[in-house]
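Taking it in order: structure first as structure tokens, then the write-up.
The values are calculated or read from the model by the stated rules, or taken from the named source; none is laboratory data. Source: prediction; values computed, not measured. Heads up, the Cβs are rebuilt from the backbone with ideal geometry, glycines too, and the neighbour counts pull from every protein chain shown. What goes into the accessible areas is simple: the full protein's heavy atoms, side chains included, and nothing from ligands, DNA or RNA. Shrake-Rupley method; radii C 1.70, N 1.55, O 1.52, S 1.80 Å.
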Amino acid sequence: QVKLVESGGGLVQAGGSLSLTCASPGEIFATYTMAWFRQIPGKQRELVATIQPNETTYYHDSVKGRFTIVKNYLKARIHLYMNHLKPEDTAVYYCNAELGGQIHWGQGTQVAVAL
């Protein structure tokens, strides 16, 4: 069973910053497309950002210019740097790895942004 472990969530004031980390096995980190999703209770899980093995990135329109997804090659980790946070960014954030239909999820980490 592939294990993705998220960390770094918490409570922050609107306008503040948080960074999330996803630790993954080395072979997953090197070859899978890595992503962050988020989910609010009662709503579908939403794609936030992705980074491919060649470092091509994608961002949801709502986070462009505020969030940055980065690979840490030394530690086989994915970071999501979140700036200028808004209350609507409040959600459980999930790390995801996908390759050819093989999909793995982390357990999620809560991010709460207060007014």
- line: Here the qualifying pairs (Cβ atoms under 8 Å; residues six or more apart or on different chains; first in region 10-33 and outside any helix (DSSP H, G or I); second basic (Lys, Arg) and surrounded by fewer than 17 Cβ atoms within 10 Å (Cβ to Cβ)) come out as Ala14/Lys86; Ala23/Lys75; Ser24/Lys3; Pro25/Lys3
field: Within region 56-105, considering residues that are open to solvent by less than 10 Å² (accessible area, probe 1.4 Å) and among the small types (Gly, Ala, Ser), the one nearest to Leu18 (Cα to Cα)
entry: Ala91
- request: Please enumerate the residues belonging to region 1-17 that are farther than 30 Å from Glu27 by Cβ and hydroxyl-bearing (Ser, Thr, Tyr).
  value: Ser17
task: Give the number of residues within region 106-115 that are of a type outside the set (S, T, N, Q) and open to solvent by 80 Å² or more (accessible area, probe 1.4 Å).
output: 1
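Kindly indicate which of Gly15, Gly42, Gly26, Gly9 is among the small types (Gly, Ala, Ser), modelled with pLDDT of 95 or more and either closer than 19 Å to Gly108 by Cα or open to solvent by 30 Å² or more (accessible area, probe 1.4 Å) (or both). I'd like the intermediate steps shown before the answer.
Details: Gly42 fails: modelled with pLDDT of 95 or more; Gly26 fails: modelled with pLDDT of 95 or more; Gly9 fails: modelled with pLDDT of 95 or more.
Selected residue: Gly15, the only one of Gly15, Gly42, Gly26, Gly9 that is among the small types (Gly, Ala, Ser), modelled with pLDDT of 95 or more and either closer than 19 Å to Gly108 by Cα or open to solvent by 30 Å² or more (accessible area, probe 1.4 Å) (or both).
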